[in-house]
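Take a look at the structure set out below.
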Amino acid sequence: MTKLRNVCRHIRSKQAGPFWVTMDIWFDSAENFQRYKDSPGLGPEVFEKLFGTDPDLVRKIPVPDFDLVKISYPRANPQGGMVERDMHSGQQYVRLLDVELEGPSGID
Amino acid sequence: MTADAFSPVKIIVPCGSLGSGVREEEIEYGLAKGAMAIASDAGSTDSGAAYLATGKSKNSRGAVKRDLTILMKAHAKAGIPVIVGTSGQAGGDLNVNWTRDILLEVVKELGISPRIALLYSEQNKAEVKALNAGGRIKPLPPLGALEDETVESCDHIVALMGVEPYIAALEQGADVILGGRSTDPAVLASFPIWKGAGWGAAWHAGKIGECGVQCSVNPTLGSGVLLTVGRDGFEVEPLSERNTCTPYSVSAHMLYENTNPYLLNEPGGQLDVNNARYEQEEDGRSVRVTGAAWNPGTYTMKLEGAGGGRYQTIMLVGIQDPDVLQDVSGFHDRFLDVLYARARQTLPPGEDDDFHISLRMYGWNAVDGADVPEGTPNPREIGVLFVATAKTQELANSIAHACNPYFFHYPAVMNKELPSYGFPFTPADIPRGQVYEFKLNHVVEVEDPLQLVRTVWVNS
């Protein structure tokens, strides 16, 4: 087991239109990308727990050229509402830094 | 035009958004390279719904005038069209007209009289409801089917244009196009497509160039890029000679603010870049991109609608009081209860429960409002932002006024002298205006790409 922050060179979040957030997770090597891209730690339930989003709508797209996983999910509250705290969703990634990742069984 | 006569189409993308600071020397560079048009968007939804709901620009009038002046000088010098999309940040009719007035001032000052096309894509509510009743409007997740009530809650509604209205205006001899809300890539792709470039290449170039210099290695070194769009691919280079594009900097832009880096839905089709190749040119600062495909499909336009809701009044204090800082979360909860009780006491009967107060503890957990992990060290200081929301500005103001002494003096530890927290302003309360939200995330299917677009010609 390791934390996401220990196997990434960069993580960012940004709104993708007023109703969605997209996260780009750059792993620090092709090995770690392969090992962790399908980890349950990056699964829809984690996004439900951390961001209150509908797990059925979470979309994950691996981008092997960049050793990157892109994960997008609908915002719990659309951009700019009464309780907005992060208009551009640029800080949302921070909650993901400490999620625990498990590689394929037998490796970690 | 015959196939043989085609040569790659060069366009200057002067900046990421009109008014963000076009650089004259970069335009000169692009013109010297043989640019045939200048194209830029002037906004996006990024900064929130206020700009569509109010019809106001985000960039200042002076900044937009400055940029337009540089572009119109280039137009006058080289005789090439200037194409602007999503005018005035949101691309509603008010935003377009605001930009038109600045443009008319600029052309008068320059003593030129270009043929100006204004492309309006704002939709009236009755029309949207009729399209919806006719089954033409479909929701995009996470929203559901469109209700008339939602349409009514919008102050302004726009449909995002594709390339066709721009091409129609170019065909009719436009020197300058000020477009309403359009997809960013469409604004850049329209001219190359009109001149015979490949649709896949042009749309992909438009996507890569949409934020100007952002697809380069060092976006702080310049403002724009030059796109050279052919039939099967395109090249992109920064307009600043000190800057470079690399295959990585260019291809990574497909990730930006986009849920799918391979497939992009646009009016009238889908851009597929699954097979795209990005290669460094010999000059070391340009990138050649090939392999994108354009798959035509049903012609849909995305709808954006924004409206203003309740009103907010805010206050801010800074706190270094150690009694507060030793238990910020507990203090927050007690503080909020006291402020709610105080507000309820002072509001007229019947209005004493229809309001909302939130306290954002900057320096502690303001950004997410979530529980702070045990063992988190005490901060050195915090800023507390008070946000009252109510159905009128007067009511929100009166809540802030009622709460003011408590917000100023509420102690963390009882039976001590009252503390006084650090207000940075007088008056302490700031009427902030309405809460603006986007209400629509839907697409409308149209028979004709110009069905929902009105083109108005202005002779300057």
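Have a look at A:V69, A:V63, A:V94 and point out the one that is over 12 Å from the mean Cα position of the chain (by Cα), at pLDDT 95 or above, among the aliphatic types (A, V, I, L, M) and under 28 Å from B:V250 (Cα atoms).
Answer to the selection: A:V63.
Return the only residue of A:I11, A:I107 being within 28 Å of B:S251 (Cα to Cα) and either in contact with a helix residue (DSSP H, G or I) (Cβ under 7 Å, 6 or more places away or on another chain) or modelled with pLDDT of 95 or more (or both).
Values: A:I107 fails: within 28 Å of B:S251 (Cα to Cα).
That would be A:I11, the only listed residue that is within 28 Å of B:S251 (Cα to Cα) and either in contact with a helix residue (DSSP H, G or I) (Cβ under 7 Å, 6 or more places away or on another chain) or modelled with pLDDT of 95 or more (or both).
Do we find that B:A388 is free of Cβ contacts under 8 Å to residues at least 60 places away in the same chain and not polar (S, T, N, Q) in this structure?
Answer is no for this residue.
In the list B:E241, B:E210, which residue meets the criterion of being crowded, with 24+ Cβ neighbours inside 10 Å, of a type in the set (D, E, K, R) and on the phi < 0 side of the Ramachandran plot?
B:E210
Tell me which of these A:A16 doesn't satisfy, since it passes every other one: (1) at the interface with chain B (Cβ under 9 Å from one of its Cβ atoms); (2) in contact with a helix residue (DSSP H, G or I) (Cβ under 9 Å, 6 or more places away or on another chain).
Going through the list (1) at the interface with chain B (Cβ under 9 Å from one of its Cβ atoms); (2) in contact with a helix residue (DSSP H, G or I) (Cβ under 9 Å, 6 or more places away or on another chain), A:A16 breaks only (2).
Specify the residue that is farthest from the other protein chains (Cβ to nearest Cβ); the eligible residues are those in the range A:39-64 that are without any contact (Cβ under 8 Å) to a residue 12 or more places away in the chain and charged (D, E, K, R).
Among those that are without any contact (Cβ under 8 Å) to a residue 12 or more places away in the chain and charged (D, E, K, R), it is A:E45.
So which residues in the range B:120-138 are surrounded by fewer than 20 Cβ atoms within 10 Å (Cβ to Cβ) and of a type in the set (A, V, I, L, M, F, W, C), if there are any at all? Before the answer, list the steps.
Filtering the range B:120-138 down to residues surrounded by fewer than 20 Cβ atoms within 10 Å (Cβ to Cβ) leaves B:124-127, B:129-130, B:133-136, B:138.
If the condition is that a residue be surrounded by fewer than 20 Cβ atoms within 10 Å (Cβ to Cβ) and of a type in the set (A, V, I, L, M, F, W, C), then B:A126, B:A130, B:A133 are the ones that fit.
Determine whether B:A76 is assigned by TED's automatic domain parsing to the domain that holds B:G180, more than 20 Å from B:S223 (Cα to Cα) and over 14 Å from the mean Cα position of the chain (by Cα).
When the stated conditions are applied, B:A76 passes them.
Output the residue which, of all residues in the range A:72-86 that are facing chain B (nearest Cβ under 7 Å) and over 16 Å from B:G308 (Cβ atoms), is surrounded by the fewest Cβ atoms within 10 Å (Cβ to Cβ).
Top of the filtered list is A:V83.
Residue-by-condition table, conditions (1) over 30 Å from B:E149 (Cα atoms); (2) part of a strand (DSSP E or B):
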| position | (1), (2) |
| --- | --- |
| B:V250 | yes, no |
| B:N258 | no, no |
| B:P261 | yes, no |
| B:N295 | yes, yes |
| B:G309 | no, yes |
| B:Q312 | no, yes |
| B:M315 | yes, yes |
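Tally the residues that are over 19 Å from the mean Cα position of the chain (by Cα) and over 19 Å from B:K33 (Cβ atoms), restricting the search to the range B:206-259.
The first filter runs over the range B:206-259 and keeps only residues over 19 Å from the mean Cα position of the chain (by Cα), leaving B:216-218, B:220-222, B:225-252.
After this cut, where a residue has to be over 19 Å from B:K33 (Cβ atoms) as well, the list is B:217-218, B:220, B:231-232, B:246-249, B:251-252.
Looking only at that region, the number is 11.
So that you can scan it fast, the table gives a plain yes or no per residue for (1) in the same structural domain as B:L52 (by TED's automatic domain parsing); (2) in contact (Cβ under 8 Å) with a residue 12 or more places away in the chain; (3) not in a loop (DSSP other than H, G, I, E, B):
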position	(1), (2), (3)
B:M361	no, yes, yes
B:W364	no, yes, no
B:V367	no, no, no
B:G375	no, no, no
B:N397	no, yes, yes
B:P405	no, no, yes
B:T426	no, no, no
B:P431	no, yes, yes
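Select from the range B:12-63 the residues that are closer than 25 Å to B:C154 by Cβ and in a strand (DSSP E or B) and write down the one among them that is farthest from the other protein chains (Cβ to nearest Cβ).
The extreme case among them is B:A42.
Tell me which residues, restricted to the range B:322-346, are surrounded by fewer than 18 Cβ atoms within 10 Å (Cβ to Cβ) and over 28 Å from A:V99 (Cβ atoms).
Correct list: B:P322, B:D323, B:Q326, B:R334, B:L336, B:D337, B:V338, B:Y340, B:A341, B:R344, B:Q345, B:T346.
The values are calculated or read from the model by the stated rules, or taken from the named source; none is laboratory data. Worth saying up front: this structure is predicted, and the values here are computed from it rather than measured. Glycine gets a Cβ as well: all are built from the backbone with ideal geometry, and neighbour counts include every protein chain shown.
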